[in-house]
Amino acid sequence: MVMFRYAPGWGAGHALRFFKVHRKQIVQCNGYETYEKLTKAERTVSPWVLVHCWTHRRRRFVKRLEKDSLPIAEETLRQIAELNTVEKSVRGLPAEARLAARHELSTPVIAAFWP
(Lines give C-alpha, C1' and ligand atoms only; values in the text may rest on other atoms or scores of the structure.)
Protein backbone atom coordinates (compact mmCIF):
# COMPACT_ATOMS: atom_id res chain seq x y z
CA MET A 1 0.00 0.00 0.00
CA VAL A 2 1.20 3.50 -0.74
CA MET A 3 -0.04 6.36 1.39
CA PHE A 4 0.79 10.02 1.58
CA ARG A 5 -0.10 11.83 4.76
CA TYR A 6 0.26 15.54 5.36
CA ALA A 7 1.21 16.89 8.77
CA PRO A 8 1.77 20.57 9.56
CA GLY A 9 5.41 20.16 10.52
CA TRP A 10 8.43 17.88 10.51
CA GLY A 11 8.45 16.83 14.17
CA ALA A 12 8.76 13.20 15.18
CA GLY A 13 5.46 13.39 17.04
CA HIS A 14 3.51 13.44 13.76
CA ALA A 15 5.11 10.24 12.50
CA LEU A 16 4.87 8.51 15.87
CA ARG A 17 1.15 9.33 16.21
CA PHE A 18 0.39 8.27 12.66
CA PHE A 19 2.31 5.00 12.78
CA LYS A 20 1.18 4.09 16.31
CA VAL A 21 -1.52 1.84 14.86
CA HIS A 22 0.44 0.81 11.76
CA ARG A 23 0.75 -2.99 11.86
CA LYS A 24 3.12 -3.55 8.94
CA GLN A 25 6.83 -3.93 9.46
CA ILE A 26 8.30 -1.93 6.56
CA VAL A 27 8.14 1.85 6.27
CA GLN A 28 9.63 3.40 3.13
CA CYS A 29 10.55 7.01 3.68
CA ASN A 30 12.56 9.86 2.30
CA GLY A 31 15.47 9.51 4.72
CA TYR A 32 14.37 12.35 6.96
CA GLU A 33 15.97 11.75 10.38
CA THR A 34 12.63 11.90 12.19
CA TYR A 35 11.80 8.45 10.85
CA GLU A 36 14.82 6.98 12.64
CA LYS A 37 12.90 7.56 15.88
CA LEU A 38 10.29 5.09 14.68
CA THR A 39 12.81 2.27 14.97
CA LYS A 40 13.18 3.02 18.68
CA ALA A 41 9.43 3.29 19.43
CA GLU A 42 7.81 0.65 21.59
CA ARG A 43 5.45 -1.59 19.58
CA THR A 44 3.18 -4.52 20.36
CA VAL A 45 4.15 -6.05 17.00
CA SER A 46 7.57 -6.44 15.38
CA PRO A 47 9.84 -3.37 15.11
CA TRP A 48 9.82 -1.25 11.97
CA VAL A 49 12.35 -1.64 9.23
CA LEU A 50 13.05 1.63 7.43
CA VAL A 51 13.54 1.39 3.69
CA HIS A 52 14.99 4.59 2.30
CA CYS A 53 14.37 5.97 -1.15
CA TRP A 54 17.29 5.81 -3.63
CA THR A 55 16.10 9.02 -5.29
CA HIS A 56 16.50 10.97 -2.06
CA ARG A 57 19.90 9.41 -1.40
CA ARG A 58 20.96 10.15 -4.98
CA ARG A 59 20.32 13.88 -4.50
CA ARG A 60 22.98 14.07 -1.80
CA PHE A 61 25.60 12.57 -4.12
CA VAL A 62 24.61 14.86 -6.99
CA LYS A 63 25.21 17.83 -4.69
CA ARG A 64 28.58 16.42 -3.57
CA LEU A 65 29.64 15.82 -7.16
CA GLU A 66 28.65 19.35 -8.16
CA LYS A 67 30.40 20.85 -5.13
CA ASP A 68 33.59 18.80 -4.86
CA SER A 69 33.79 16.55 -7.97
CA LEU A 70 34.58 13.60 -5.70
CA PRO A 71 35.19 10.32 -7.57
CA ILE A 72 33.27 8.41 -4.91
CA ALA A 73 30.18 10.54 -5.57
CA GLU A 74 30.48 9.86 -9.30
CA GLU A 75 30.82 6.10 -8.68
CA THR A 76 27.84 6.11 -6.34
CA LEU A 77 25.71 7.86 -8.97
CA ARG A 78 26.80 5.26 -11.52
CA GLN A 79 25.73 2.45 -9.19
CA ILE A 80 22.37 4.08 -8.50
CA ALA A 81 21.90 4.40 -12.28
CA GLU A 82 22.48 0.63 -12.52
CA LEU A 83 19.74 0.06 -9.95
CA ASN A 84 17.40 2.31 -11.94
CA THR A 85 18.17 0.27 -15.07
CA VAL A 86 17.22 -2.92 -13.23
CA GLU A 87 13.96 -1.33 -12.09
CA LYS A 88 13.12 -0.25 -15.65
CA SER A 89 13.80 -3.77 -16.92
CA VAL A 90 11.35 -5.39 -14.46
CA ARG A 91 8.56 -2.82 -14.65
CA GLY A 92 5.29 -4.52 -15.50
CA LEU A 93 6.47 -8.04 -14.67
CA PRO A 94 4.69 -10.16 -12.04
CA ALA A 95 5.86 -9.59 -8.45
CA GLU A 96 7.73 -12.91 -8.26
CA ALA A 97 9.67 -12.14 -11.44
CA ARG A 98 10.54 -8.63 -10.21
CA LEU A 99 11.78 -10.02 -6.91
CA ALA A 100 13.89 -12.70 -8.60
CA ALA A 101 15.44 -10.17 -10.99
CA ARG A 102 16.18 -7.76 -8.16
CA HIS A 103 17.92 -10.49 -6.18
CA GLU A 104 19.96 -11.50 -9.20
CA LEU A 105 20.76 -8.08 -10.65
CA SER A 106 20.49 -5.53 -7.83
CA THR A 107 22.07 -7.47 -4.98
CA PRO A 108 25.62 -7.29 -6.43
CA VAL A 109 25.25 -3.57 -7.14
CA ILE A 110 24.10 -2.87 -3.59
CA ALA A 111 26.85 -5.09 -2.16
CA ALA A 112 29.41 -3.01 -4.10
CA PHE A 113 28.40 0.06 -2.10
CA TRP A 114 30.24 -1.44 0.89
CA PRO A 115 33.35 -3.16 -0.50
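Couple of notes before you dig in:
- Hey, I110 in a helix (DSSP H, G or I), touching a residue at least 24 places away in the same chain (Cβ under 8 Å) and hydrophobic (A, V, I, L, M, F, W, C) or not: yes
- Taken over segment 1-36, the residue count meeting the criterion of being among the basic types (K, R), at pLDDT below 70 and part of a helix (DSSP H, G or I) is 0.
- Residue tally, condition closer than 30 Å to K20 by Cα and not in a helix (DSSP H, G or I), over segment 47-74: 7
- Those residues of segment 80-115 which are touching a Phe, Trp or Tyr at 6+ places or on another chain (Cβ under 8 Å) and surrounded by 15 or more Cβ atoms within 10 Å (Cβ to Cβ), in sequence order: I80, L83
- Only one entry of H103, H52 meets the criterion of being in contact with a strand residue (DSSP E or B) (Cβ under 9 Å, 6 or more places away or on another chain) and of a type outside the set (G, A, S), and that entry is H52.
- Matching entry among L77, L93, L99 (being assigned to a loop (DSSP other than H, G, I, E, B), more than 24 Å from A7 (Cα to Cα) and at pLDDT 85 or above): L93
The values are calculated or read from the model by the stated rules, or taken from the named source; none is laboratory data. None of these values were measured; they are calculated from a predicted model. Here Cβ is always computed from backbone atoms with ideal geometry, including for glycine, and neighbour counts include all displayed protein chains.
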